[in-house]
Structure formats: structure tokens, C-alpha cells
Amino acid sequence: MKNKSKHEKYPELDKLQHVVFYVNDLQASQRFYEMIFDVQCSASAHPDSSAAMRIVGNTMKFYSFGYYHHDICFVQNQKVTVDHEQWNHYTLKLANGVSLDEIKRRLESSQVPYFEGRMLPILSNEKENVIHFKDPNGHVIEVVK
């Protein structure tokens, strides 16, 4: 949290609205996220951006975790590469009462490797409350209880 001076007023944020990821294989990403998180495709285009995406040769799809029209968007672009070996990741928090065991079961049944604990384990010993794994495009996903 930033230190606010008496004269500065920062805008109050409600939530992270959505994230956009560039992917090489839109269908593989869709299958993976449907299988692990039960996402639903909410749109194959968006009026604000789909025309621009077509001009530059990208394809996009929007997905919902069940609360908002779209929580995550995948843009297929074969030319984009991202260094996934860095600490870049995003974190999903499970709803109250939902166990990490269900996510682990889905990952294991799909033979997706995962590890338990924080990315920097020296900061925490919460192995039972956090897991990490990669999606088909190498994006690191952290799931917390």
C-alpha cells in the first residue's frame, strides 16, 4: 500500500476486472481452463476490441469464472513470446468452503504437474493452502485457499 500524503487522494479500486493473456493455441487454453476451473466462454469477440484484433491477425475469446461477463481473455497470437521463467504469475482465490483437493485432483487426472507452497517458500510455510502450476502456454497460476 502506498503512503498517502494529506494532499494526495488516490482512486479507490474495487477489484481486478479481468486479465488478458496471449496464447499460441486458443483451443488448448480453452480445454485446460474448462477442465481445471470450469470456466465458461462468454464471448468470442468484444465490440471494443474485436475489430482491432482482426486487423492485426489475432483471435480472442472471453471466459467467465461464473461471476462476471469475463474474468479472463485469451488472445491467440503466434508471434508473441513471453518469458515464463520469471516470477510473473496470477493468483486465484478459492471461494469459502472450496478445497484445494479438487483442483489437485483435476490437475493429477490431467497429468499436470504442480507444487505446493508459495513461490518464495522462505516467506511462508503455508504448503497446505497454496499450489502453483502452469497452463498449456506456460503461464504460472497460483491458487490459494
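Overview of results
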| item | result |
| --- | --- |
| Condition broken by residue 80, with the remaining ones in (1) modelled with pLDDT of 85 or more; (2) among the β-branched types (Val, Ile, Thr); (3) open to solvent by 20 Å² or more (accessible area, probe 1.4 Å) satisfied | (1) |
| Any hit, segment 1-11, residues being at pLDDT 75 or above and polar (S, T, N, Q) | no |
| Residue check for residue 38: within 30 Å of residue 105 (Cβ to Cβ) and either acidic (Asp, Glu) or modelled with pLDDT under 65 (or both) | yes |
| Tabulated pairs, segment 93-115, first free of Cβ contacts under 8 Å to residues at least 24 places away in the same chain, second surrounded by 14 or more Cβ atoms within 10 Å (Cβ to Cβ), C-beta under 6 angstrom, 6+ apart or interchain | 114/107; 114/131; 114/133; 115/132 |
| Selection from segment 53-76 of residues that are open to solvent by less than 100 Å² (accessible area, probe 1.4 Å) and at pLDDT below 75 | 53, 56, 57, 58 |
| Pairs, first of a type in the set (Lys, Arg) in segment 25-37, second surrounded by fewer than 18 Cβ atoms within 10 Å (Cβ to Cβ), C-beta under 9 Å, six or more apart | 31/136 |
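The values are calculated or read from the model by the stated rules, or taken from the named source; none is laboratory data. Since we're looking at a predicted model, the values are computed, not measured. Quick reminder, even Gly has a Cβ in these numbers, built from the backbone with ideal geometry, and neighbours come from all protein chains shown. These accessible areas exclude ligands, DNA and RNA; they are computed on the full protein's heavy atoms, side chains included. Shrake-Rupley method; radii C 1.70, N 1.55, O 1.52, S 1.80 Å.
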